[in-house]
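One structure is given here, and the rest of the page talks about it.
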Amino acid sequence: MEDPPPDNGDDGEPFSVAHYDTTDAEVDGKTVIEVSDNSGGENSDDTEFGIGYSDQDGNDVSEVTWSNDFVYRLDNFVFVNDGETLSIDPGTLIQGMPGDGADAAALIISRGGTIEADGNPGSEDPSEADPIIFTAQGDDGSGFDRGTRGLWGGVILLGDATINSEPPTTTIEGVPDDIAGDRADYGAENSDFNDDHDIGTFRFVSIRHTGSQLGGGDEIQGLTLGGVGSGSTIEYVESYASDDDGFEFFGGTVNTKYLISAFVSDDNFDIDEGWRGSNQFWLAVQDTDEAGRIGEHDGGTDPEGGQPFATSKVANATYIGVGPGTQGIDGDQGEPMLIQRDNNATSYYNTVFMDGRTTSAGLEIEDRSDREDARNRFEAGELVHENNLWWNVGDNYDPGNTTFEDIIQITEEDGEPVAPSFRDDLAQGLRDAGNQLTESSPIQAMNRESDQDIIDFDPRAAGPATNTALSSVSGFGDVGGENSDLVDVSYKGAFGPNDSWAKGWTLLDQNGELQ
């Protein structure tokens with residue numbers, strides 16, 4: 001719908017579409033179009049079109065473009081249905097209307113639907129980007145501050161790649177069944193999975209102020225991916241100030257690059273249900289008022305020991321925690337900074353973990369007495385931590401004296417450690433794999449207030465993150481598809497000494513938090 005109303009009828013009267021309501025409102029001189037889900041409107045003949053419609057000649061229109069000449073306002077849950085394609089022009093502003101529960105606003109790309117949203121088509125240069133912005137009503141694209149969360153729902157991408165839950169199709173959390181029907185399902189009936197699933201392109205996109213409260217305590221993440229396959233292109237995406245997770249992956253095989261999860265109230269990167277994608281250049285930064293874990297990585301949901309195992313890989317991430325002296329935080333408080341549970345086998349390479357937690361806990365690899373667990377994956381060589389840097393983790397971090405034994409958290413059952421000796425085994429394994437506790441900061445600058453609030457920071461590599469031994473990342477891109485190639489770099493962390501791919505298109509930069 002490039003120029004609503006989309007066409008004129010033969011009688012000269014404007015043709016209108018019920019679920020695209022051209023309003024009298026404007027944002028920066030652009031007309032606001034309110035978009036609702038077309039599940040039986042006056043032009044739909046009671047057919048669920050999602051974003052599609054019937055034109056004045058009665059023809060079904062399933063390919064729709066949202067133009068940057070307009071501002072689009074999501075009224076409740078809006079679906080891109082199976083067989084439909086939504087294209088979004090660079091520089092387009094999409095606002096979610098306020099509402100909780102069944103009245104929340106979200107954009108959902110259903111299985112078989114396609115999104116083509118590229119804020120920098122044909123270019124890898126961030127300075128050339130004109131980002132697509134998903135935000136809350138009332139934001140003209142300038143953004144709100146990092147403490148403004150939960151104003152609308154978020155964005156959900158769904159596919160039919162492999163998940164490890166039973167049954168092999170699942171309804172994504174946060175979307176009411178009576179609204180979505182099977183349009184909120186991911187996975188595949190009869191386990192007929194398609195790991196090459198292609199949902200389209202989602203790049204140079206900023207998603208802001210998400211996570212409105214739904215029924216049963218659920219929220220929608222900034223970006224949720226359920227069963228998304230490796231044919232999809234997901235890169236240069238920012239999730240800023242979500243009132244839940246920044247990103248959550250429920251199974252699938254999608255690979256990603258250049259993701260930012262900033263100032264979210266729960267986990268920055270959450271992994272469930274056997275996700276197996278490969279990833280490079282992730283940035284996570286936590287706030288001091290409320291935080292979960294930077295990484296909460298699980299195996300299965302039902303059963304918790306489901307297969308295939310979650311063997312996702314992350315190379316060149318920079319994870320910045322709540323600050324070692326922070327007190328009185330709501331949420332899980334980043335305790336521990338990274339937790340790997342159930343049979344999760346997510347591996348980390350050439351990554352920076354810093355400024356973590358209000359206690360000494362930096363890493364827990366779950367050790368269960370009753371079933372297969374992440375410890376089993378570590379001991380089998382499937383869960384790897386190799387050539388990573390740890391800096392300033394915990395209240396008492398002492399350069400040169402803190403050891404890995406000091407920052408490891410051991411799993412407890414009924415208040416007792418399952419296997420105290422695993423602390424020593426894991427710590428030695430980390431040392432043997434080239435991980436280091438550094439004596440100086442691995443990034444160029446971190447400026448905090450006395451209460452640990454971040455003033456600004458420069459995440460580019462410095463000191464121990466430069467001119468250092470690097471992992472080749474065995475098995476990177478083993479699922480194939482888009483973004484399956486490892487970019488060869490000479491530094492650890494998400495940014496090179498002279499490279500800041502987050503500048504220019506992110507709210508993190510726009511708000512002055514990124515140097």
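Please give, to one decimal in nm, the separation of the simple spin-label points placed at Glu416 and Asp28, each 7 Å out from Cα toward the Cβ.
6.2
Order of 90-97, 447-454 by packing, highest average Cβ count within 10 Å first?
90-97, 447-454
What FRET efficiency comes out for the pair Asp69/Asp485, r = Cβ-Cβ distance, R0 = 30 Å, nearest 0.05?
Values: r = 36 Å, r/R0 = 1.21.
In this case the efficiency is close to 0.25.
What is the spin-label model distance, in nm, from Ile455 to Asn467 if the labels are put 7 Å beyond Cα along the C-beta direction?
In this crude spin-label approximation the distance works out to 2.9 nm.
By the gyration tensor of its Cα atoms, with a ≥ b ≥ c the square roots of the eigenvalues, what is the shape of the stretch 316-439: rounded for a/c under 1.5, prolate for a/b over b/c, or oblate? Provide the component values of the computation, followed by the final result.
On the way: a/c = 1.62, a/b = 1.22, b/c = 1.33.
Oblate is the answer for the stretch 316-439, as a/c is 1.5 or above yet b/c matches or exceeds a/b.
What do you get for the angle between helix 421-432 and the principal long axis of the chain? Use alpha-carbon atoms, 0 to 90 degrees, nearest ten.
For helix 421-432, the angle is close to 80 degrees.
Would you please classify the overall shape of the stretch 468-515 from the alpha carbon gyration tensor, given that a ≥ b ≥ c denote the square roots of the eigenvalues, rounded means a/c under 1.5, and beyond that prolate means a/b larger than b/c while oblate covers the rest? Walk me through the numbers on the way to the answer.
Details: a/c = 3.68, a/b = 1.71, b/c = 2.16.
In terms of gyration-tensor shape, oblate.
What's the tally of Lys pairs in the chain whose alpha-carbon atoms lie under 23 angstrom apart, where the two lysines are 8 or more places apart or on different chains? Walk me through the numbers before you get to the answer.
On the way: Lys257/Lys313; Lys257/Lys492; Lys257/Lys503; Lys313/Lys492; Lys492/Lys503.
For the chain, qualifying lysine pairs total 5.
Which residues among the stretch 276-296 fall inside the zone where the amide N is under 14 Å from a point 7 Å beyond the Cα of Asp145, along Cα→Cβ?
Those under the cut-off are 288-290.
Where in the stretch 111-190 are there GluC sites (Glu not before Pro) that are in a DSSP coil and have at most 16 other Cβ atoms within 10 angstrom of their Cβ?
Listed in order of number, the matching sites are Glu124.
Give the order of Asp192, Asp266 when sorted by the count of other beta carbons within 10 angstrom, beginning with the fewest.
On the way: Asp192 9, Asp266 21.
Result, fewest neighbours first: Asp192, Asp266.
Per 0.36 nm of contour for each residue apart, how much would the distance between Asn498 and Asp55 grow if the chain were fully extended, relative to their Cα-Cα spacing?
Stretched fully, the Asn498-Asp55 segment lengthens by 154.3 nm.
Does the chain come out rounded, prolate or oblate by the C-alpha gyration tensor, with a ≥ b ≥ c the root eigenvalues, rounded set by a/c under 1.5 and, if not, prolate when a/b is larger than b/c and oblate if not?
In terms of gyration-tensor shape, prolate.
Taken together, the values in this text are just the output of simple stated rules run on the coordinates, not laboratory data. On a predicted model such as this, the values are computed, not experimentally measured, just so you know. Every residue, glycine among them, receives a Cβ derived from its backbone with ideal geometry; neighbour counts consider all protein chains shown.
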